[in-house]
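Chemist: The structure's right below; bear with me while I get my questions together.
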Amino acid sequence: MQELENHNFTNQGELKRKMSSRHLFMLSLGGVIGTGLFLSSGYTISQAGPFGAIVAYLVGALVVYLVMLCLGEMAVQMPVSGSFGVYASKFISPAAGFSVTWLYWICWAVALGTEFIGAAILMQRWFPDIEIWVFATFFAGLIFAINALSVRAFAEAEFFFSSIKVIAIVVFIVLGFGAIFGFVSFDGSNEAVLFSNLTQNGAFPNGAFAVLTVMLAVNYAFSGTELIGIAAGETKDPDTTIPHAIKTTVFRLVIFFVLTMIVLASLLSINEAGVTQAPFVVVFDKMDIPYAADIMNFVVLTAILSAGNSGLYACSRMLWSLSNEGMISSWVVKIDNRGVPMRALVLSMVGAILALVASKFAPDTIFIALVSIAGFAVVGVWLSIPISLLGFRKQWIKDGKSLDELKFKTPFFPYIPYIVIIILLLSLVSVAWDSDQRAGLIFGLPFVGFCYLYHYLKSRCKRG
């Protein structure tokens, strides 16, 4: 099996390996700690119950760890920009790679479109007289400029944004456990709340099956960890950097997400979580922390900008990868002298703006379809990773290579890939029973079918 080239075209510029271990760690951690944790955690508690929500996030943390172990083996051996899209193309089928890459591109393009508006709305808390479109335009320009400067500028900005979020989460966890054990005033009392709230309405007030139905939302909350793979082609010393980033990131994700959910579930009742869109603000307010709403407004703003920064990076690299693999016009493959795929970056920003326009003028038709596909995309992309690994190992052995030659090996192979495939398939199927998330299947499956059909027809035309 030949090593995959990071660039299949000559005289078109080169991607630069400028990301260090700390950049990669913060990129993956920052990509995950966003609105999925700050906002949708309340939805998970309201649907699965406090204890059920903790179980769901524990399962989600386990799944993301196993997915990253599968991705790590291929990313270390073949560190290319676009990663899992390229692997799916090579080890499943070209049509699968085409579909996976477009799914992921749409996922981030939709997120970008909503994040610029979201950031602008948050700014109106402090500047109510300034129109939303002014701040939306400013933040879009800021994120584009950061990505256009260089991969190092992007990485340093993401390190800064992510650091603020991480510090905020650590403070929240410490104060939260302080309130749980009575060291911090909560709801006007210093009495220890402890963990009675976790099972106040039963361990699973809406049934144990509710844990399964919220898994798509939980998986979406964990999305962003796979950015490790996308950045592999621009990372220094990928042989050591990627395994280290995977191990440390997933370990910290378990700590941040699970401990945060324990605090939220212990301090918020199922009814409070169900009616609020900002569970963190509710908890801070009950601790009587001065300027709690302003603090969380700033943290969530940082989270949105961080997600936008990572999202535009991911969009541009996936679009560039499609061009690099010959699936769309080679015009997009050009890289400037700063190592930035500028044409892919511009087209990705255009895609985000179109999603933004759809959210304004077609919220009940085009935009709901895009959002549904984006939610479906995370599980679809993750599902492609263990399937690709099975094909990768098969090809590796077929080429007469020893497993000892692998620089990073997925443990307990092939059990882990199959376990991941089963869990992700179950989470996809269970969505059919949740009316709030069913649209993901309704729009996601036909979109994948369309991608396969388009790729088949395009390939047939090429053959003449």
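Chemist: Go through (1) in a helix (DSSP H, G or I); (2) open to solvent by 50 Å² or more (accessible area, probe 1.4 Å); (3) modelled with pLDDT under 85 for ARG125 and report which single condition fails.
Modeler: The number of the failed condition is (1).
Chemist: Another question, then. Against the condition open to solvent by 10 Å² or more (accessible area, probe 1.4 Å), under 30 Å from LEU453 (Cβ atoms) and out of contact with any Cys (no Cβ under 9 Å at 6 or more places or on another chain), how does ILE130 come out, does it pass?
Modeler: Answer is no for this residue.
Chemist: Checking VAL166 against (1) assigned to a helix (DSSP H, G or I); (2) modelled with pLDDT of 85 or more; (3) not small (Gly, Ala, Ser), which single condition isn't satisfied?
Modeler: (2) is the only condition that VAL166 fails.
Chemist: Please specify each residue of the stretch 322-350 satisfying the condition of being in a helix (DSSP H, G or I) and surrounded by fewer than 19 Cβ atoms within 10 Å (Cβ to Cβ).
Modeler: Pass one, the stretch 322-350, residues in a helix (DSSP H, G or I): 322-324, 330-333, 342-350.
Within the stretch 322-350, SER330, TRP331, MET342, VAL346, VAL350 meet the criteria.
Chemist: Show the residue pairs that are 6+ apart or on different chains and have beta-carbon atoms under 6 Å apart, the first residue being within the stretch 332-345 and at pLDDT below 85, the second being surrounded by fewer than 19 Cβ atoms within 10 Å (Cβ to Cβ) and aromatic (Phe, Trp, Tyr).
Modeler: Listed by first residue and then by second, the contacts come to VAL333/PHE9.
Chemist: Evaluate the following for GLY400: is it free of Cβ contacts under 8 Å to residues at least 24 places away in the same chain, small (Gly, Ala, Ser), within 24 Å of ALA96 (Cα to Cα) and surrounded by fewer than 13 Cβ atoms within 10 Å (Cβ to Cβ)?
Modeler: no
Chemist: Sticking with this structure for a sec: Somewhere in the stretch 403-425, is a residue under 24 Å from the mean Cα position of the chain (by Cα), within 22 Å of THR213 (Cα to Cα), open to solvent by 20 Å² or more (accessible area, probe 1.4 Å) and not aliphatic (A, V, I, L, M)?
Modeler: Within the stretch 403-425, one or more residues are under 24 Å from the mean Cα position of the chain (by Cα), within 22 Å of THR213 (Cα to Cα), open to solvent by 20 Å² or more (accessible area, probe 1.4 Å) and not aliphatic (A, V, I, L, M).
Chemist: Also: Tally the residues that are without any contact (Cβ under 8 Å) to a residue 12 or more places away in the chain and within 32 Å of the chain's Cα centre (by Cα), restricting the search to the stretch 177-199.
Modeler: 1
Chemist: Let me ask you something else. Among the residues of the stretch 188-200, write down those that are at pLDDT 75 or above and assigned to a helix (DSSP H, G or I).
Modeler: Within the stretch 188-200, SER196, ASN197, LEU198 qualify.
Chemist: Starting from the stretch 62-75, take each residue that is farther than 13 Å from ARG393 by Cα and surrounded by fewer than 24 Cβ atoms within 10 Å (Cβ to Cβ) and list its partners that are modelled with pLDDT under 85 and among the aromatic types (Phe, Trp, Tyr), counting only C-beta distances under 9 angstrom and pairs at least six apart or across chains.
Modeler: As it stands, the answer is VAL63/PHE222; TYR65/PHE251, since those pairs meet every condition given.
Chemist: Here's a follow-up. Do we have any residue at all in the stretch 69-80 that's out of contact with any Phe, Trp or Tyr (no Cβ under 6 Å at 6 or more places or on another chain), over 21 Å from PHE413 (Cβ atoms) and not acidic (Asp, Glu)?
Modeler: Yes; the residues of the stretch 69-80 include at least one that is out of contact with any Phe, Trp or Tyr (no Cβ under 6 Å at 6 or more places or on another chain), over 21 Å from PHE413 (Cβ atoms) and not acidic (Asp, Glu).
Chemist: Looking at the structure I just gave you, is LEU356 in contact with a Cys (Cβ under 9 Å, 6 or more places away or on another chain) and open to solvent by 10 Å² or more (accessible area, probe 1.4 Å)?
Modeler: Criteria not met by LEU356.
Chemist: Can you report the number of residues in the stretch 186-225 which are of a type in the set (A, V, I, L, M, F, W, C) and within 30 Å of LEU69 (Cα to Cα)?
Modeler: Count: 12.
Chemist: Looking only at the stretch 351-369, decide whether some residue is closer than 18 Å to SER321 by Cβ, in contact (Cβ under 8 Å) with a residue 12 or more places away in the chain and within 21 Å of the chain's Cα centre (by Cα).
Modeler: yes
Chemist: In addition: On the basis of being surrounded by 15 or more Cβ atoms within 10 Å (Cβ to Cβ) and either modelled with pLDDT of 85 or more or in contact with a His (Cβ under 7 Å, 6 or more places away or on another chain) (or both), does ALA145 make the cut? Give the steps one after another, and end with the answer.
Modeler: Details: surrounded by 15 or more Cβ atoms within 10 Å (Cβ to Cβ): no; either modelled with pLDDT of 85 or more or in contact with a His (Cβ under 7 Å, 6 or more places away or on another chain) (or both): yes.
When the stated conditions are applied, ALA145 does not pass them.
Chemist: Also: Sort through ALA96, ALA48 and tell me the only one that's under 23 Å from ALA231 (Cβ atoms) and among the small types (Gly, Ala, Ser).
Modeler: Of ALA96, ALA48, the one residue that is under 23 Å from ALA231 (Cβ atoms) and among the small types (Gly, Ala, Ser) is ALA96.
Chemist: Of the residues ALA203, ALA265, only one is over 25 Å from GLY311 (Cβ atoms), hydrophobic (A, V, I, L, M, F, W, C) and part of a loop (DSSP other than H, G, I, E, B); which? Spell out how you get there, then give the answer.
Modeler: Values: ALA265 fails: part of a loop (DSSP other than H, G, I, E, B).
Only one candidate qualifies: ALA203.
Chemist: Which count do you get for residues in the stretch 428-455 that are under 21 Å from LEU322 (Cα atoms), touching a residue at least 12 places away in the same chain (Cβ under 8 Å) and surrounded by fewer than 13 Cβ atoms within 10 Å (Cβ to Cβ)?
Modeler: 0
Chemist: Residues ALA245, ALA179: which one is buried (at least 18 other Cβ atoms within 10 Å of the Cβ), modelled with pLDDT of 80 or more and touching a Leu at 6+ places or on another chain (Cβ under 7 Å)?
Modeler: ALA179
The values are calculated or read from the model by the stated rules, or taken from the named source; none is laboratory data. As the structure is a prediction and not an experimental result, all values here were calculated from the model. Quick reminder, even Gly has a Cβ in these numbers, built from the backbone with ideal geometry, and neighbours come from all protein chains shown. When the accessible area is computed, the model is the full protein with side chains, heavy atoms only, and any ligands, DNA or RNA have been set aside. Shrake-Rupley method; radii C 1.70, N 1.55, O 1.52, S 1.80 Å.
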